[in-house]
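Below is one structure, written out as structure tokens; comments come after it.
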Amino acid sequence: QVQLVESGGGLVQAGGSLRLSCAASGRIFSAYTMGWYRQAPGKQRELVASITSGGSTNTADSVKGRFTISRDNAKNTVYLQMNSLKPEDTAVYYCNANMRTYLIYDYWGQGTQVTVSS
């Protein structure tokens, strides 16, 4: 099993930057695909960025060029560097760990609030 704890959210002005961290427990962290999702009030949860066990990344069109996902397997941590923040980035951001074997393993953190003021 994997436990995920997000940190780094807060209030920032438009154009500013934040770095979110997700610390994971578990002894097979490196085998999981890690992702960052976000959910704003009245909207569906959406994938922001993901990174595979091999380091391949994918980002949503809405954040491409502004957000960067990375992982440090030695520290069991995944990061989301967010630059040039916009008010529409305001949401609760969730860390996710996913692995497919015979069954699908899917774990979520508690979320961290990001608020971007205009």
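Observations on the model:
- Extreme residue, nearest to R19 (Cα to Cα), among residues of segment 41-60 that are assigned to a loop (DSSP other than H, G, I, E, B) and open to solvent by 80 Å² or more (accessible area, probe 1.4 Å): R45
- Which numbered condition S7 fails, given (1) under 10 Å from Y79 (Cα atoms); (2) touching a Gly at 6+ places or on another chain (Cβ under 9 Å): (2)
- Output for segment 5-31, where each listed residue is closer than 16 Å to S70 by Cβ and either of a type in the set (K, R) or assigned to a strand (DSSP E or B) (or both): E6, S7, L18, R19, L20, S21, C22, A23, A24
- Pairs linking a residue in segment 40-59 that is of a type in the set (S, T, Y) to a residue that is assigned to a loop (DSSP other than H, G, I, E, B) and surrounded by 14 or more Cβ atoms within 10 Å (Cβ to Cβ), with Cβ atoms under 8 Å and 6 or more positions apart or on different chains, are S53/Y32.
- Within segment 1-22, restricting attention to residues that are modelled with pLDDT under 95 and surrounded by fewer than 16 Cβ atoms within 10 Å (Cβ to Cβ), the residue that is farthest from D89 (Cα to Cα) is Q1.
- R38 vs. criteria in a strand (DSSP E or B), charged (D, E, K, R), within 19 Å of L85 (Cβ to Cβ) and open to solvent by less than 30 Å² (accessible area, probe 1.4 Å): yes
- Some residue of segment 61-75 being in a helix (DSSP H, G or I), charged (D, E, K, R) and either open to solvent by less than 50 Å² (accessible area, probe 1.4 Å) or more than 21 Å from V114 (Cα to Cα) (or both): yes
- Looking only at residues of segment 76-118 that are outside any strand (DSSP E or B), among the small types (G, A, S) and exposed (fewer than 14 other Cβ atoms within 10 Å of the Cβ), we find that the one that is farthest from the chain's Cα centre (by Cα) is S118.
- V92 being at pLDDT 95 or above and in contact with a Pro (Cβ under 8 Å, 6 or more places away or on another chain): no
- Test: residue in segment 55-67 that is closer than 20 Å to G10 by Cα and touching a Ser or Thr at 6+ places or on another chain (Cβ under 8 Å): yes
The values are calculated or read from the model by the stated rules, or taken from the named source; none is laboratory data. No experiment lies behind these values; they were computed from the predicted model shown. Cβ coordinates were reconstructed from backbone atoms using ideal geometry, including for glycine residues, and neighbour counts include every protein chain displayed. Heavy atoms of the whole protein, side chains included, go into the accessibility calculation; ligands, DNA and RNA do not. Shrake-Rupley method; radii C 1.70, N 1.55, O 1.52, S 1.80 Å.
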